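Undergrad: Have a look at this one before I ask anything.
The values are calculated or read from the model by the stated rules, or taken from the named source; none is laboratory data. Everything quoted here is computed from the prediction, not taken from an experiment. In this analysis, Cβ positions are derived from the backbone assuming ideal geometry, glycine residues included, and neighbour counts consider all displayed protein chains.
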Amino acid sequence: MLIEGWSFFDSLYMTIITLSTVGYSELSGLSSSGRIFTIFLIIGGVGTVLYSLSAGARFILEGELQELFGRSRLEKRIKELKEHYIICGFGRMGKIIAKELKNKGINFIAIEKNPIMREKEDLLILEGDATQDETLKECGIERAKGLITVLPTDAENLYVVLSSRELNPNLFIVARAGEEGSEQKLLRAGADRVVSPYHIGGLRIAHTVLKPAVVDFIEFATKTGNIDLQIEEIPILEGSGLIGLTLDQCGIGRELGIIIVAIKRATGEMKFNPTFRTTIKSGDTLIVLGEVSKLKVLEEKVMAKK
């Protein structure tokens, strides 16, 4: 319009056939200025259009391919899981649980219904509804060792417990209870353990006021990564060289300086502060207190066969 004095429609028509590379003939002859402008229009305009189209196509294809390959890698890693734990709900509590399990080197997968940002850590997180049997099966619940459900409502946790117990009768299930009276319902539904965060939090605050030294000791002994002192549980598996020996014969306290706080029998009986004459049996679980390095030595000693 400015260079050749054409009408708006003629100028628009010429611009479109130029940028689309159709290459129809000009409506009328072009002056030298018009031809110079056309050269820059072709180089700049056509190049910009082609770059925009290619960039848009690449963005769409890369996003779809990345999602496709990401899903394939996730499914492959899930199929490789065995004796793992399933965390239903990856909110504030779920993230803390996942962090503790990861620090212990325990395999797990988390289920979260709402889309979340991926963490820096390489965590297995499946977006889905944990109350659906298909989602639990996708997480390999038949091969899982345990399940932890910390969904927002007691109704959802109850539903997960019922479904999980039916899909895997041998599963160890821990459920979160929010409202008073929900604990017994969750236990009847099939949960092995029920934890009420509000009840535990209230007791913790009260004990901090009434028994601050005791709370400090428990926090010190159970803090993750503490190398000075740690409370651990060590199972006595069948074939262990310690089976049939007394605590005095094992030399756990004398040689390693480890305190045996309690022994949980295979029947569920808890024997607190066992004496040096107490005999270790197959299926026992030792609740011990000691330095991390010494606890590792004890674990190796327990694993040693007769």
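Undergrad: Would you be able to tell me the number of residues in segment 204-223 that are surrounded by 12 or more Cβ atoms within 10 Å (Cβ to Cβ) and not charged (D, E, K, R)?
TA: Final tally of qualifying residues: 8.
Undergrad: In addition: For segment 195-214, does any single residue satisfy the condition of being of a type outside the set (A, V, I, L, M, F, W, C) and touching a strand residue (DSSP E or B) at 6+ places or on another chain (Cβ under 8 Å)? First the steps, then the outcome.
TA: If we filter segment 195-214 for residues that are of a type outside the set (A, V, I, L, M, F, W, C), which is where we start, we get 196-199, 201-202, 204, 207-208, 211-212.
Checking the rest, the ones that are also touching a strand residue (DSSP E or B) at 6+ places or on another chain (Cβ under 8 Å) come to 196-197.
For segment 195-214, residues of a type outside the set (A, V, I, L, M, F, W, C) and touching a strand residue (DSSP E or B) at 6+ places or on another chain (Cβ under 8 Å): present.
Undergrad: Moving to a separate point now. In segment 269-277, is there at least one residue being at pLDDT 85 or above, part of a strand (DSSP E or B), within 27 Å of Glu300 (Cβ to Cβ) and more than 33 Å from the chain's Cα centre (by Cα)?
TA: Yes, there is a match, as at least one residue in segment 269-277 is at pLDDT 85 or above, part of a strand (DSSP E or B), within 27 Å of Glu300 (Cβ to Cβ) and more than 33 Å from the chain's Cα centre (by Cα).
Undergrad: Let me ask something else. In segment 147-206, which residues are more than 15 Å from Met93 (Cβ to Cβ) and hydroxyl-bearing (Ser, Thr, Tyr)?
TA: Of everything in segment 147-206, those that are more than 15 Å from Met93 (Cβ to Cβ) and hydroxyl-bearing (Ser, Thr, Tyr) turn out to be Tyr159, Ser163, Ser164, Ser182.
Undergrad: Being assigned to a strand (DSSP E or B) and of a type outside the set (Val, Ile, Thr) is the filter; apply it to segment 278-302 and report the residue that is surrounded by the fewest Cβ atoms within 10 Å (Cβ to Cβ).
TA: Residue satisfying both the conditions and the ranking: Leu289.
Undergrad: OK, next. For segment 208-225, state whether one or more residues are of a type outside the set (Gly, Ala, Ser), closer than 29 Å to Ile109 by Cα and in contact with a helix residue (DSSP H, G or I) (Cβ under 8 Å, 6 or more places away or on another chain).
TA: Yes: one or more hits.
Undergrad: Quick check on my filter: what residues within segment 82-114 are in contact with a strand residue (DSSP E or B) (Cβ under 8 Å, 6 or more places away or on another chain), over 16 Å from Gly128 (Cβ atoms) and touching a residue at least 60 places away in the same chain (Cβ under 8 Å)?
TA: Correct list: His84, Tyr85, Met93.
Undergrad: Say we look at segment 98-119 and pick out the residues that are loosely packed, with under 11 Cβ neighbours inside 10 Å and assigned to a loop (DSSP other than H, G, I, E, B); which of these is modelled with the lowest pLDDT?
TA: Arg118
Undergrad: Go through segment 187-224 residue by residue and tally those that are over 29 Å from the mean Cα position of the chain (by Cα) and under 30 Å from Leu162 (Cβ atoms).
TA: Qualifying residue count for the region: 0.
Yes or no, residue by residue, for (1) in a loop (DSSP other than H, G, I, E, B); (2) more than 30 Å from Lys76 (Cβ to Cβ); (3) in contact (Cβ under 8 Å) with a residue 12 or more places away in the chain:
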| position | (1), (2), (3) |
| --- | --- |
| Ser164 | no, no, yes |
| Ala191 | yes, yes, yes |
| Val194 | no, yes, yes |
| Arg204 | no, yes, no |
| Phe220 | no, yes, no |
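Undergrad: Just checking, does segment 264-274 include any residue being in contact (Cβ under 8 Å) with a residue 60 or more places away in the chain, surrounded by fewer than 11 Cβ atoms within 10 Å (Cβ to Cβ) and farther than 30 Å from Asn157 by Cα?
TA: Residues of segment 264-274 that are in contact (Cβ under 8 Å) with a residue 60 or more places away in the chain, as a first pass: none.
Within segment 264-274, not a single residue is in contact (Cβ under 8 Å) with a residue 60 or more places away in the chain, surrounded by fewer than 11 Cβ atoms within 10 Å (Cβ to Cβ) and farther than 30 Å from Asn157 by Cα.
Undergrad: How many residues does segment 262-300 hold that are farther than 14 Å from Glu233 by Cα and either among the hydroxyl-bearing types (Ser, Thr, Tyr) or not assigned by TED's automatic domain parsing to the domain that holds Thr246 (or both)?
TA: Counting residues in segment 262-300 that are farther than 14 Å from Glu233 by Cα and either among the hydroxyl-bearing types (Ser, Thr, Tyr) or not assigned by TED's automatic domain parsing to the domain that holds Thr246 (or both) gives 6.
Undergrad: Suppose we filter Lys305, Lys281, Lys301, Lys271 for residues that are within 27 Å of Val215 (Cβ to Cβ), out of contact with any Asp or Glu (no Cβ under 7 Å at 6 or more places or on another chain) and basic (Lys, Arg); which single one remains? Working first, answer last.
TA: Working: Lys305 fails: within 27 Å of Val215 (Cβ to Cβ); Lys281 fails: within 27 Å of Val215 (Cβ to Cβ); Lys301 fails: within 27 Å of Val215 (Cβ to Cβ).
Step by step, each of Lys305, Lys281, Lys301, Lys271 is checked, and only Lys271 is within 27 Å of Val215 (Cβ to Cβ), out of contact with any Asp or Glu (no Cβ under 7 Å at 6 or more places or on another chain) and basic (Lys, Arg).
Undergrad: Then there's this: Check Ile236, Ile260, Ile252 and return the single one that is surrounded by 12 or more Cβ atoms within 10 Å (Cβ to Cβ), touching a residue at least 60 places away in the same chain (Cβ under 8 Å), over 30 Å from Gln184 (Cβ atoms) and among the aliphatic types (A, V, I, L, M).
TA: None of the other options fit; the residue is Ile236.
Undergrad: Residue under question is Met1, and the condition is that it be assigned to a helix (DSSP H, G or I) and aliphatic (A, V, I, L, M); does it hold?
TA: Against the criterion (assigned to a helix (DSSP H, G or I) and aliphatic (A, V, I, L, M)), Met1 does not qualify.
Undergrad: Next question. Any residue that is in contact with a Ser or Thr (Cβ under 6 Å, 6 or more places away or on another chain), surrounded by 10 or more Cβ atoms within 10 Å (Cβ to Cβ), at pLDDT 85 or above and not assigned by TED's automatic domain parsing to the domain that holds Thr18 - is there at least one of those in segment 74-97?
TA: Yes - at least one qualifying residue is present in segment 74-97.
Undergrad: Assigned to a loop (DSSP other than H, G, I, E, B) and free of Cβ contacts under 8 Å to residues at least 40 places away in the same chain - does that describe any residue in segment 132-141? Steps first, please.
TA: From segment 132-141, those assigned to a loop (DSSP other than H, G, I, E, B) are 132, 139-141; that's our starting set.
Adding the requirement that they be free of Cβ contacts under 8 Å to residues at least 40 places away in the same chain leaves 132.
Yes - at least one qualifying residue is present in segment 132-141.
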